[in-house]
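Visitor: Take this structure first; my questions come after.
The values are calculated or read from the model by the stated rules, or taken from the named source; none is laboratory data. Note that the structure is predicted; figures quoted are calculated from it, not measured. Here the Cβ positions follow ideal geometry from the backbone for every residue, glycine too, while neighbour counts run over all protein chains shown. Accessible surface is based on the protein model in full, side chains and every heavy atom, while ligands, DNA and RNA are left aside. Shrake-Rupley method; radii C 1.70, N 1.55, O 1.52, S 1.80 Å.
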Amino acid sequence: SQQGEEDPQALSIQEGENATMNCSYKTSINNLQWYRQNSGRGLVHLILIRSNEREKHSGRLRVTLDTSKKSSSLLITASRAADTASYFCATDGDTGGFKTIFGAGTRLFVKA
Amino acid sequence: DVKVTQSSRYLVKRTGEKVFLECVQDMDHENMFWYRQDPGLGLRLIYFSYDVKMKEKGDIPEGYSVSREKKERFSLILESASTNQTSMYLCASVGGIQGRKLFFGSGTQLSVL
């Protein structure tokens, strides 16, 4: 079962613009993570936000979490061509264990 | 840095063959995972393991089995490969001081002909 669903499925922007990706999930969570995947490679962890946090920053990344709406957003500011990748949200349920469920991802293309 | 190594980057097998995908991690993580990734479907969890000789089914375990004889190694087995198992397979591990952060291997692109 897919816990997280990203929106939009694909996004194309100009270099320097901001990119916003959204994620919705279905069940209660302990935390939510965002990962990045360059074409044909493994995923790389970007940021984790806990269920009791509302916003978190890391460099040009800003993540928000709204547990009442079961949604999160990832904002990449001042995007660069090197940000071109797929971005996935992933959730850990609050029932314990380490089962992490991923969404289908947003493909971001940043034009130079 | 944590390293997760998958034995093959590309693999081509025939229908009916038994296929082994190997994954090794070097950070003494307790938890290891196998996902498959297909276009438009994201990552789907096949199996995971939270300790040596322990395994749990994920969301799509049918047609797969796993083996975890040593802590650092988690193997995915396709008992009789079928064309619908053509996919990208990703191994990941998590544990220790890294908390819930998953570390992924580079993936194995498996083609079953």
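Visitor: Among the numbered conditions (1) under 30 Å from A:Asp7 (Cα atoms); (2) within 9 Å of chain A (Cβ to nearest Cβ); (3) of a type outside the set (Ser, Thr, Tyr), tell me where B:Met32 comes up short.
Guide: All conditions are met except number (2).
Visitor: Here are some residues: B:Gly58, B:Gly107. Which one is under 30 Å from A:Gln9 (Cβ atoms), within 11 Å of the chain's Cα centre (by Cα) and either more than 10 Å from every other protein chain (Cβ to nearest Cβ) or not basic (Lys, Arg) (or both)?
Guide: B:Gly107
Visitor: Restricting to the range B:65-95, give me the number of residues that are over 15 Å from B:Arg9 (Cα atoms), in a loop (DSSP other than H, G, I, E, B) and open to solvent by 10 Å² or more (accessible area, probe 1.4 Å).
Guide: Total meeting the criteria: 5.
Visitor: In the range A:61-82, which residues are open to solvent by less than 10 Å² (accessible area, probe 1.4 Å), touching a residue at least 40 places away in the same chain (Cβ under 8 Å) and either of a type outside the set (S, T, N, Q) or within 21 Å of A:Ile29 (Cα to Cα) (or both)?
Guide: Taking the range A:61-82 as the starting set, the residues that turn out to be open to solvent by less than 10 Å² (accessible area, probe 1.4 Å) are A:63, A:65, A:72, A:74, A:76, A:79.
Retained after the next criterion (residues that are touching a residue at least 40 places away in the same chain (Cβ under 8 Å)): A:72, A:74, A:76, A:79.
A:Ser72, A:Leu74, A:Ile76 - these are the residues of the range A:61-82 that are open to solvent by less than 10 Å² (accessible area, probe 1.4 Å), touching a residue at least 40 places away in the same chain (Cβ under 8 Å) and either of a type outside the set (S, T, N, Q) or within 21 Å of A:Ile29 (Cα to Cα) (or both).
Visitor: Only strands (runs of 3 or more DSSP E) wholly contained in chain A count here; list those with 3 or more residues that are within 24 Å of B:Val4 (Cα to Cα).
Guide: Answer list for chain A: A:29-37, A:43-50, A:85-93, A:100-102.
Visitor: When you go through (1) open to solvent by less than 50 Å² (accessible area, probe 1.4 Å); (2) facing chain A (nearest Cβ under 10 Å); (3) free of Cβ contacts under 8 Å to residues at least 24 places away in the same chain one by one for B:Pro39, which number turns out not to apply?
Guide: (1)
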